[in-house]
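S.K.: Sharing a structure here in structure tokens format.
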Amino acid sequence: MMLNKALEFILNEAIRLDEGHGAAFKPLEDKVFTLTLNDLGTTSHLLFTAYGVSVQSDLQGDADATIETSLVALLALPQTSELKGAVFHGDEPLAEQFVDALNSLEIDWEEHLSHYTGDLIAFKVGHAARSVMQTKQGIKQQAGDTLKEYLQFEINALPTKSQVQRFNQQVVQIHQSVDALENRIDTLLKSATTASH
Amino acid sequence: MSQQKKTIDFGFSEVPLEEKVKKVKGVFDSVADKYDVMNDVMSFGIHRLWKRHTIELSGIRPGNSVLDLAGGTGDLTKEFAKRVGKSGRVVLADINESMVRVGRDRLINQGIAGNVDYTITNAEALGFPDNTFDLATIAFGLRNVTNKDKALEELYRVLKPGGQLMVLEFSKVTQPLLAKAYDFYSFNILPKMGKLIADDEASYQYLAESIRMHPDQDTLKQMMLDAGFDKAEYLNMSEGIVALHRGWKY
């Protein structure tokens, strides 16, 4: 129940703050979606009407579309722009339209924050948030590079990209050689059979 | 059954049968303006969770028609209206005009309009055709009805086949220790809070007494089956302080 209430609040607030005033959700009016979050083992029903989104645990009858995904994929949606590993049932184009509508949400946090704090503070908070995001991105990139170098060059646990390419070329060459050998053996066998007759 | 009596309970007192409606009306006329505040204070806000749970279990969807009987100040109507959308319809019905007025003004102020009708009606004689609603609810109202059996029969009548009745009502506490604490709270603290906040100790004394006089979980379930419901079940909330009874018409 609490998850549904939280989901309902977040979706309605996101639509309210959206730059496009939630226009992408208009075609979904009077539609019902069932959202299953496999990692949490929960199922919620999302009801779209002119009043916004309502979320509830039970539903009489079937939803127009069902989306099976994970909370992780849902939370990552703003970064990935797709619900990775999601499975759609029912009206699949409608389910895709729902995901597209979620993707289309654009919230200018600085603008909304400035109503409460004034422009200067909102800008400073936004600037600080962007710096944190950039730093986080930099640290992530650096950590990835360091781990890659350690695994590839220090302990030779993983091959480099060029080694993998070379290996793939060798596999192709071997494959071709085996095919050629198979053809020669076939030819020899046919010759031997003809000779024995 | 209760129609054969000459008197009926009004809290812990007995009053002439025809008097109960007037007396209940008097109670709610008196508390209408402060009803929402008092509900929050008396239940520490938990009534919102009970109602939310009821709404979630209703399984309602866009396009449905809903009767919110004894709808009072419109807590359930508001949520149902959002869920059924403009293609659906919700009727807020109450015997008390003051409560309907408060509810109507409140919902309009919150932008809920166009798919809600308001009506003053007696639960024992509903002014709707047979098979009208997909869902009917009566939250914290049935215990104030004079002839509960008749009201349940009426609710059954106006439901569509496949429709559901949800009765949210105070009930019998199942945990003995909690029951004692709850009794103390109901008869010692609650009326004082009524006096403090709504300047009306007597009405809140009645509310506490009427809760104790209301049928327990199993009795109400049997009453629903006797009224014609094809299936009935109940769910205790907060150790039975409140029970949600659900009945289906097939």
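Since every read-out is calculated from the coordinates, none of them should be taken as a lab result. This is a predicted model, so every value here is computed, not measured. Note: ideal-geometry Cβ built from the backbone for every residue, glycine included; neighbour counts use all protein chains shown.
S.K.: If the cut-off is 22 Å between C-alpha atoms, which lysines fall inside it for residue B:22, apart from same-chain ones fewer than 8 positions away?
M.R.: B:5, B:6, B:34, B:148, B:150, B:195
S.K.: For the range A:2-104, give me the percentage of DSSP beta bridges that are antiparallel, rounded to the nearest 5 percent.
M.R.: In the range A:2-104, DSSP labels about 75 percent of beta bridges as antiparallel.
S.K.: If you restrict to DSSP beta bridges whose two residues both lie in chain B, what percentage is antiparallel, to the nearest 5?
M.R.: 45 percent
S.K.: Still on this model: Sort B:218-229, A:142-153 by packing, meaning the average of other beta carbons within 10 Å per residue, with the highest value first. Write out the running numbers ahead of the final one.
M.R.: Working: B:218-229: 17.7, A:142-153: 11.2.
Sorting B:218-229, A:142-153 by mean packing, highest first, produces B:218-229, A:142-153.
S.K.: Relative contact order for the range B:1-126: what is it in percent, counting Cα pairs under 8 Å that are at least 6 residues apart? Intermediate values should be presented prior to the final figure.
M.R.: On the way: 174 pairs, mean separation 25.7, N = 126.
Worked out over the range B:1-126, it gives 20 percent.
S.K.: Please give every one of the aspartates and glutamates within straight-line cross-link reach of residue A:190, meaning a C-alpha to C-alpha distance under 20 Å, and leave out same-chain neighbours fewer than 8 residues apart.
M.R.: Result set, ordered by chain and number: A:179, A:182.
S.K.: Next question, about the same structure. Whose amide H sits under 5 Å from the amide H of residue B:163, counting only residues 5 or more places off or on another chain, with H placed in the peptide plane?
M.R.: It is B:249, by chain and number.
S.K.: Across the range B:109-122, in residue order, what do the Karplus-derived ³J(HN,Hα) couplings come to in whole Hz, using 6.51 cos²θ - 1.76 cosθ + 1.60 with θ = phi - 60° and x for Gly and Pro?
M.R.: 4, 8, x, 9, 7, x, 10, 10, 10, 10, 8, 9, 8, 8
S.K.: Can you compute the helix-only [θ] at 222 nm over chain A? Use -39500 (n - 2.57) per DSSP H run of at least 4 residues, normalise by all residues, nearest 500 deg cm²/dmol.
M.R.: -20000 deg cm²/dmol
S.K.: Would you be so kind as to identify which of B:205, B:156, A:171 lies farthest towards the positive end of the dipole of the protein assembly as shown, taking Lys and Arg as +1 and Asp and Glu as -1 on Cβ and the Cα centre as origin?
M.R.: The one lying farthest along the dipole's positive direction is B:205.
S.K.: Compute the separation of the alpha-carbon centres of the range A:141-197 and the range B:104-152 and state it in Å as a whole number.
M.R.: 77 Å
S.K.: Per-residue Cβ counts within 10 Å, from other chains only, averaged over A:41-53: what number is that?
M.R.: 4
S.K.: Moving on. Taking each residue in B:44-55, count the Cβ atoms of any other chain within 10 Å of its Cβ, then average. What number comes out?
M.R.: So the per-residue partner count for this stretch is 1.
S.K.: If you count the DSSP beta bridges with both ends in the protein assembly as shown, what percent of them are antiparallel, to the nearest 5?
M.R.: Working: 34 of 59 bridges.
Percent antiparallel among DSSP bridges in the protein assembly as shown is about 60.
S.K.: Here's something else I'd like to know. Which lysines, if any, have their Cα less than 25 Å from the Cα of residue A:124, not counting same-chain residues under 8 positions apart?
M.R.: Cα-Cα hits under 25 Å: A:136, A:140.
S.K.: Counting only residues 5 or more places away or on other chains, whose amide H sits under 5 Å from the amide H of residue B:200 once H atoms are built in the peptide plane?
M.R.: Here B:195 satisfy the definition.
S.K.: Something else: Using only atoms on other chains, find how many Cβ atoms lie within 10 Å of each Cβ of peptide B:75-87 and report the average. Kindly include the intermediate steps, with their values, before the conclusion.
M.R.: Values: counts 0, 0, 0, 1, 3, 1, 2, 9, 9, 5, 9, 5, 4.
Neighbouring Cβ atoms belonging to other protein chains average 4 per residue here.
S.K.: Write out the GluC sites (Glu not before Pro) in the range B:162-250 meeting two conditions: DSSP loop, and at most 12 other Cβ atoms within 10 Å of their Cβ.
M.R.: The qualifying sites: there are none.
S.K.: Give me the extension gain from residue A:132 to residue A:1: residue separation times 0.36 nm, minus the current Cα-Cα distance, reported in nm with one decimal.
M.R.: 43.8 nm
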